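A quick write-up on the structure given underneath.
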Amino acid sequence: MLRTVFLLTLLTAVLVWVGGLVGGRSGMMIALGFGLLMNFVNYWFSGPMVLKAYRARVLEPGEFPELEADVRDMTERAGMPMPRLAVIPNDAPNAFATGRNPSHAVVAVTEGLLRLCSRREVKAVLGHELGHVRNRDMLTMTLVAGAVSAISMLAQFGMFFGHRSRDDEGPGALGILAVVFAPLIAMLVQMAISRTREYGADDEGASLSGDPGALADALERLHSAIPHRAPLSATGATAHMMIANPFFGMGQLFSTHPSPEKRIARLRAMAAGR
């Protein structure tokens, strides 16, 4: 948690810094306001937009009784609201949670995941996603997405229209480099926060399902199958939401998820300690 707070603070500092480069002191205030606006839009509308983008179908009560029973068992023991469940008509095995808070959460799984994993493994995956809901990671990543979007747009504005330099006679070389590299810095911070939250959700998933070994098994299956399927995510915009990185072969520096080997090893160690 402390690491996440530090990284969020760093991201905000980068946002204000870029605003200052683009428009001086007034630019800083505009940057903060723009970031808040992006957060507002993401908070209220990102959940429905993501579900629509993946053609996720929200299930009616009793439609998938085993799935519903497993989620209800975990949420009741954890004292959490029962989320809505959705199925994505896609062969790529993956899952994610969305929604602005636990009372409005939706946990979505793909048809590919349901075919690939056993009921025990699916329950552990659902526990991982409930861990994101319980930790309010959707709110954290909404704040991150808002800041990153604002930084990227401000940087583009600065490149097209110029920005204040120390003597106001033109863009300084340091300022140009800052505007160019600020979006890259923001993206790396976003990925670092995402990786931190994945470890937390693994811990919660192992606890809620009571079966860390099942979550390790599921992750092994997912990472073995994903390279042989078309990516669930067409772009990297929502990759951080998935339980497993939908893209294969990316370097760890640019990955939204921790190393699969490290995640699985941690879960195996938890299972051995029980």
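Would you be able to tell me the number of residues in region 42-63 that are modelled with pLDDT under 85 and among the basic types (Lys, Arg)?
Going through region 42-63 one residue at a time, the tally reaches 0.
What is the one condition in (1) within 30 Å of His228 (Cβ to Cβ); (2) surrounded by fewer than 19 Cβ atoms within 10 Å (Cβ to Cβ) that Met82 does not satisfy?
(1)
Filter the helices (runs of 4 or more DSSP H) completely within region 81-162 down to those with at least 2 residues that are of a type in the set (Lys, Arg) and over 21 Å from Met38 (Cα atoms).
Fully inside region 81-162 and qualifying: 119-134.
Examine region 2-15 for a residue that is of a type in the set (A, V, I, L, M), outside any strand (DSSP E or B) and within 25 Å of Ser207 (Cα to Cα), and state whether such a residue exists.
Yes, region 2-15 contains at least one residue that is of a type in the set (A, V, I, L, M), outside any strand (DSSP E or B) and within 25 Å of Ser207 (Cα to Cα).
Among the residues of region 229-237, is any modelled with pLDDT under 80, within 24 Å of Arg134 (Cα to Cα) and hydrophobic (A, V, I, L, M, F, W, C)?
Looking through region 229-237, at least one residue is modelled with pLDDT under 80, within 24 Å of Arg134 (Cα to Cα) and hydrophobic (A, V, I, L, M, F, W, C).
Any residue in region 218-233 that is under 16 Å from the mean Cα position of the chain (by Cα) and in a helix (DSSP H, G or I)?
no
Could you grab the pairs with beta carbons closer than 6 Å, sequence gap of 6+ or different chains, first residue in region 121-142 and charged (D, E, K, R), second one assigned to a helix (DSSP H, G or I)?
Glu121/Ala214; Glu121/Asp217; Glu121/Ala218; Lys123/Asp70; Lys123/Ser209; Arg134/Glu204; Asp137/Arg197
So which residues in region 45-69 are of a type outside the set (Gly, Ala, Ser), surrounded by 12 or more Cβ atoms within 10 Å (Cβ to Cβ) and without any contact (Cβ under 8 Å) to a residue 60 or more places away in the chain, if there are any at all?
The answer is Pro48, Met49, Leu51, Arg57, Val58, Leu59, Glu63, Phe64, Leu67, Glu68.
Assigned to a loop (DSSP other than H, G, I, E, B), at pLDDT 75 or above and among the aromatic types (Phe, Trp, Tyr) - does that describe any residue in region 195-202?
No, region 195-202 contains no residue that is assigned to a loop (DSSP other than H, G, I, E, B), at pLDDT 75 or above and among the aromatic types (Phe, Trp, Tyr).
For region 49-87, which positions are among the small types (Gly, Ala, Ser) and in contact with a strand residue (DSSP E or B) (Cβ under 9 Å, 6 or more places away or on another chain)?
Passing the criteria: Ala56, Ala86.
Could we say that Gly62 is more than 19 Å from the chain's Cα centre (by Cα), within 30 Å of Ile185 (Cβ to Cβ) and of a type outside the set (Phe, Trp, Tyr) here?
Against the criterion (more than 19 Å from the chain's Cα centre (by Cα), within 30 Å of Ile185 (Cβ to Cβ) and of a type outside the set (Phe, Trp, Tyr)), Gly62 does not qualify.
The values are calculated or read from the model by the stated rules, or taken from the named source; none is laboratory data. What you are looking at is a predicted structure, and each value in this text was computed from that prediction instead of being measured. Please note: Cβ atoms are built from the backbone with ideal geometry, for glycine as well, and neighbour counts cover all protein chains shown.
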